[in-house]
Amino acid sequence: MTFESVKAMSDAVKPAATLLSDRVSVTAQRAVTGELVDRLVWTAVFGKDPELRGTARWIVRSLASAAGIRPASIHDLYMAMGRGETDGYTVPAINVRAMAYDTGRAVIRSAKKLKAGAFILEIARSEIGYTEQRPHEYAAVMLGAALREGFSGPLFIQGDHVQTNAKKYNSPERDKELDAVRALIKEEIAAGFFNIDIDTSTLVDLSRPTLAEQQEINASLAAELTAFIRDHQPQGVTVSVGGEIGEVGGKNSDVHELHAFMEGYLLALKKRGAAYEGISKISVQTGTAHGGFVNADGTVRTDVKIDLKTLEELSRAARHDYHLAGAVQHGASTLPPDAFDAFPRVGACEIHLATDFQNMIYEHPQFPADLKSEMYAWLREHAAEERKPKDTEEQFIYKARKKAIGPFKQRMWSLPEGVRQSIGQSLEERFTFLMRQLNIANTTDAVSRFVRMPQLGIDRDGEIAGAGGTISAAEKKAEGLAD
């Protein structure tokens, strides 16, 4: 790192901390002001070069760790759910896409207010591309948001839909696709993603005659990737791994499919090593769609019927027969408000929420109309792959606008403070409502009882290397799932 960069970063953190050759020594936690955290997070994302961005991330992570905020795995809490030692709530897994720092801060404010510890911040493989947030950046921003809002405790950061592309898997590009999935897993673990949802459900083949055969590749590959995660997780950390039996937006799952997947998965995992810990939860399909169902005028349907009875049966079977936390509901953020209190009642252990928060930002009355028009014009030129033959213009814009988040990231982060505060307040109100409906208020005690916070070293060189990662053109065009 250049002398000028070291001096600039050292000057920025005084008198809160001293930069040493191998660590950040926090000398005065009270001197870690909101303004300081804001500057560090901005530099961590938009700094002029990898050394500056990586060093800012290293400092953010170090300050957060000193304040008692560290990435952790929710695995042991989920295993306690599977044993019946804690229950009655559904953990929200929140995909943070647009205005990530402001959105992350709104999540944390809601959690603090409700004394909620059981929540997850996540990003999907596809989202990394079109929001232009590689894992090290995402983790630093979420840790910075927690630090900024005075949070303390484990922070569950998750790789959502670490997904195999079926078209590439069933082509000569198979090995390249699997190598890309493994590389992402390694990158996420190094960044502090100690919760990873494997999604090989894209490879379920419903044309095959038996359930075991339909789930065969899904189960076998999920086991292979679980073993890969176990081989690369840090000492003292058991990464929470999720599996998936039905692709959201397709055929609804049933208990027979759950058994077919689990039996194949456990057998395949045992063949790779008897000591490997398996998944802690299972994602299913019960009638939702990622991003919601969109009307011709671009509005989202609210009359979606979720098969709650099946969700309850799947959760019960997952716990009773395999000691998992339960079933996971995807694609739920655009459901009507009165739908959410049902999930704890039927035993869903986790629910994935994303698109509605993106919608709230785009549609907020203070979001600048000229910026939105510019983003939509960009979509018409650069995201034509999202347009289906029968789509109206409104449907196309609704489905495509996630693709503008990355290219306009700095513009959105640079909105006037008053605008960002207003949007953040609206998001906070929504997060608070959802957390109450999902019954995670006062879950800090359960988290502290079951979850260990690993005290791992924070590697400046690793953060600088991570800051040098780029988003390829193919990643920006990614068509994989994200709730």
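The values are calculated or read from the model by the stated rules, or taken from the named source; none is laboratory data. The model shown is predicted, which means the values in this text are computed figures rather than measured ones. Glycine also receives a Cβ, built like all others from the backbone with ideal geometry; neighbour counts cover every protein chain displayed. Note: accessible area is taken over every heavy atom of the protein model, side chains too, but ligands, DNA and RNA are not part of it. Shrake-Rupley method; radii C 1.70, N 1.55, O 1.52, S 1.80 Å.
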Next on the checklist: Using a 7 Å offset from Cα along Cα-Cβ at SER414, what residues in segment 112-145 end up with backbone N under 19 Å from the label point?
Outcome noted: 131-133
Next on the checklist: Using +1 at the C-beta of Lys and Arg and -1 at the C-beta of Asp and Glu, which of THR299, GLY264, ILE59 has the Cα lying farthest in the positive direction of the dipole of the chain?
Outcome noted: ILE59
Checklist entry - In nm, what is the difference between 0.36 nm times the number of residues separating ARG316 and LEU456 and their Cα-Cα distance? => result 46.8 nm
Checklist entry - On average, how much accessible surface per residue is there in segment 330-483, in Å², for a 1.4 Å probe, leaving out ligands, DNA and RNA? => result 46 Å²
Item to check | Across LYS7/LYS115; LYS168/LYS388; LYS115/LYS403; LYS113/LYS305, pairs whose alpha-carbon gap is larger than 28 Å | outcome: LYS7/LYS115; LYS115/LYS403; LYS113/LYS305
Item to check | Where labels lie 7 Å past Cα in the beta-carbon direction, separation of THR33 and HIS256 in nm | outcome: 6.6 nm
Checklist outcome for this item: Row for segment 121-180, column shape: gyration tensor on C-alpha, a ≥ b ≥ c, rounded if a/c < 1.5 i.e. under 1.5, prolate if a/b over b/c, else oblate; value prolate
Next on the checklist: So for each of 19-31, 162-174 I average, over its residues, the number of other beta carbons within 10 Å; can you give me the resulting order with the highest mean first?
Outcome noted: 162-174, 19-31
Checklist entry - How much FRET efficiency would the formula 1/(1 + (r/R0)^6) give for ALA8 and LEU371, where r is the Cβ-Cβ distance and R0 is 25 Å, rounded to 0.05? => result 0.25
Checklist entry - Once you sort the root eigenvalues of the Cα gyration tensor of segment 397-483 as a ≥ b ≥ c, which label holds: rounded (a/c under 1.5), prolate (a/b larger than b/c) or oblate (the other case)? => result oblate
Item to check | Approximate spin-label separation LEU206-ARG272, in nm, with each point projected 7 Å along Cα-to-Cβ | outcome: 2.7 nm
Checklist entry - Taking the mean number of other Cβ atoms within 10 Å as a proxy for protection, how do you rank 365-372, 340-347 from highest to lowest? => result 340-347, 365-372
Next on the checklist: Restricting to Cα pairs below 8 Å that are 6+ residues apart, what does the relative contact order work out to for segment 40-147? Please round to a whole percent.
Outcome noted: 37 percent
Item to check | ASN295 versus GLU363: modelled label distance in nm, points set 7 Å from Cα along the beta carbon direction | outcome: 1.0 nm
Checklist entry - Going 7 Å from the Cα of LYS186 in the Cα-to-Cβ direction, what parts of segment 204-239 have a backbone nitrogen less than 13 Å from that spot? => result 228-229, 231-233
